[in-house]
Amino acid sequence: MRLRPRKQFGQHWLRSDRVLHQIIKAATLRPDDFILEIGPGMGVLTRQLLPLVAGVIAVEIDRDLCQKLRQNFIDVYHFLLIEGDILAVDVSAEIAAFPQFQRPNKVVANIPYNITGPILEKLLGTIAHPNPQPFQQMVLLVQKEVADRLCAKAGSRAFGALSVRVQYLADCEQICSVPAQAFFPPPKVDSAVVRLTPRPPNPAAHNPRLLDQLVKLGFATKRKMLRNNLTSVVDRDRLIPLLESLNINPQARAEDLSVAAWVALSNALSEDNTVGE
Ligand code: SAH
């Protein structure tokens with residue numbers, strides 16, 4: 001059976017051994033790892049993972065692909081296929097019936113790009129509600145532009161709300177760029193492999209909801225100076241001396257503040273009981 005890639009599911013089959021190798025290497029796999037794979041597709045990455053780990057739990061939405069995967073991996077006792085939407089399935093509940101599978105500790109995946117944001121949120125949680133059982137590591141193939149934003153440093157053009165949200169919860173590294181030709185069919189954009197390593201926020205926000213709100217407001221009108229776009233939370237007369245006391249330039253824009261500076265600002269504001277309540 002020849003399966004034609006379906007656009008609505010963001011199907012682009014990876015066909016580069018070099019990239020597969022880079023993904024596997026970046027995942028620093030151990031024989032006791034349980035891997036969550038999102039969108040195994042035809043199973044090229046799955047095939048590389050299986051000999052190296054204790055189990056692969058794969059979630060695939062496409063029914064025809066699931067049928068094919070079941071046929072191909074019929075004898076593989078440490079492969080578990082969950083047919084469904086990664087955004088809707090409860091992986092822990094699904095694996096509860098299979099005693100040989102533990103909760104996955106790592107994620108390795110070539111994900112569907114059209115739902116990258118929601119997938120990241122499901123895996124990492126949010127500033128206000130971090131995933132209470134974080135993964136040790138996540139190696140993901142994403143759009144290059146997203147990879148650049150995930151790994152951007154403050155002050156660079158790519159640094160945005162996504163950078164702050166994700167870097168608050170995880171260390172982010174770009175492993176390698178991946179040209180569109182590494183896939184069939186080639187997507188319209190280039191890609192990159194990233195590795196996210198969740199860890200407790202440092203420094204942590206005293207009021208994570210306020211931090212979330214500040215980041216949202218700050219980046220909503222990126223070009224404006226912070227002192228002009230945070231006015232719904234704090235008036236300018238109070239914000240300017242506060243920025244100065246935190247050694248933040250009072251003319252700063254959202255993208256100029258490091259994650260630590262965002263947290264410092266949020267914590268300084270949350271100490272003042274008139275905001276964020
Ligand atoms: N890992 C494969 C395929 C990547 S393409 C490879 O590297 O070749 C993305 C895959 O995600 C496709 O198989 C697609 O069917 C699947 N997918 C798309 N949306 C999904 C969703 N919401 N939940 C689970 N899988 C999904």
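The values are calculated or read from the model by the stated rules, or taken from the named source; none is laboratory data. This is a predicted model, so every value here is computed, not measured. Here the Cβ is made from the backbone with ideal geometry for all residues, glycine too, and neighbour counts use every protein chain on show. The protein model used for the area step is the full one, side chains on, heavy atoms only, and it has no ligands, DNA or RNA in it. Shrake-Rupley method; radii C 1.70, N 1.55, O 1.52, S 1.80 Å.
Summary of values
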{"quantity": "For the range 3-127: rounded, prolate or oblate by the Cα gyration tensor [a/c cutoff 1.5]", "calculated": "rounded"}
{"quantity": "Cα→Cβ-extended label distance, 7 Å offset, between L3 and E145, nm", "calculated": "2.8"}
{"quantity": "Built amide H within the under 5 Å cut-off of V107, gap 5+", "calculated": "L36, Q137, M138, V139"}
{"quantity": "FRET efficiency estimate (nearest 0.05) - Cβ-Cβ, D237 to D32, R0 41 angstrom", "calculated": "0.10"}
{"quantity": "Cβ-derived FRET efficiency at R0 51 Å, D85 paired with H206, nearest 0.05", "calculated": "0.90"}
{"quantity": "Residue order for R6, R70 - accessible surface, 1.4 angstrom probe, largest first", "calculated": "R70, R6"}
{"quantity": "Gain on full stretching of the segment that runs from A260 to K188 - 0.36 nm per residue minus C-alpha separation", "calculated": "22.4 nm"}
{"quantity": "Order of exposure, largest accessible area first, which applies to I23, I115, I61 with probe 1.4 Å", "calculated": "I61, I115, I23"}
{"quantity": "Stretch gain in nm, segment V76-A54, where the contour uses 0.36 nm per residue and the Cα spacing is subtracted", "calculated": "6.8 nm"}
{"quantity": "Pairwise Cα inverse-distance average, inverted: Kirkwood Rh of the chain (Å)", "calculated": "20.2"}
{"quantity": "Gyration tensor verdict on the range 159-233 (Cα atoms; rounded if a/c is under 1.5, prolate if a/b is larger than b/c, oblate otherwise)", "calculated": "oblate"}
{"quantity": "Sequence of F219, F183 from largest to smallest accessible area, 1.4 Å probe", "calculated": "F219, F183"}
{"quantity": "Cα shape, the range 208-270, gyration tensor, a/c 1.5 rule", "calculated": "rounded"}
{"quantity": "Out-of-range pairs (alpha-carbon distance over 22 Å; input K153/K216; K153/K188; K7/K106; K25/K144; K153/K224; K144/K224)", "calculated": "K153/K188; K7/K106; K144/K224"}
{"quantity": "K216/E94 FRET efficiency (R0 30 Å; Cβ-Cβ; nearest 0.05)", "calculated": "0.35"}
{"quantity": "Sequence-distant residues sharing a close amide H with D171 (under 5 Å, placed H)", "calculated": "T197, R199"}
{"quantity": "The chain, relative contact order in percent, only Cα pairs under 8 angstrom and at least six apart counted", "calculated": "16"}
{"quantity": "Order by protection proxy (mean Cβ within 10 Å, highest first), peptides 25-33, 90-98", "calculated": "25-33, 90-98"}
{"quantity": "C-alpha long axis of helix 63-72 to longest principal axis of the chain, angle in °", "calculated": "50"}
{"quantity": "Between helix 208-220 and the chain: long-axis angle, C-alpha atoms, 0 to 90°, nearest 10", "calculated": "90"}
{"quantity": "Volume in Å³ per residue [convex hull over Cα atoms, computed for the range 1-68]", "calculated": "93"}
{"quantity": "Stretchable slack from K224 to Q102, in nm (0.36 nm times residue separation minus alpha-carbon distance)", "calculated": "39.1 nm"}
{"quantity": "Zone residues, the range 1-27, relative to E121, backbone N less than 20 Å from point 7 Å out along Cα-to-Cβ", "calculated": "9-10"}
{"quantity": "Rounded accessible area of R103 (nearest 10 Å², 1.4 Å probe)", "calculated": "100"}
{"quantity": "Cα→Cβ-extended label distance, 7 Å offset, between C176 and E244, nm", "calculated": "5.2"}
{"quantity": "Principal-axis tilt of helix 17-26 within the chain, Cα atoms, nearest 10 degrees", "calculated": "60"}
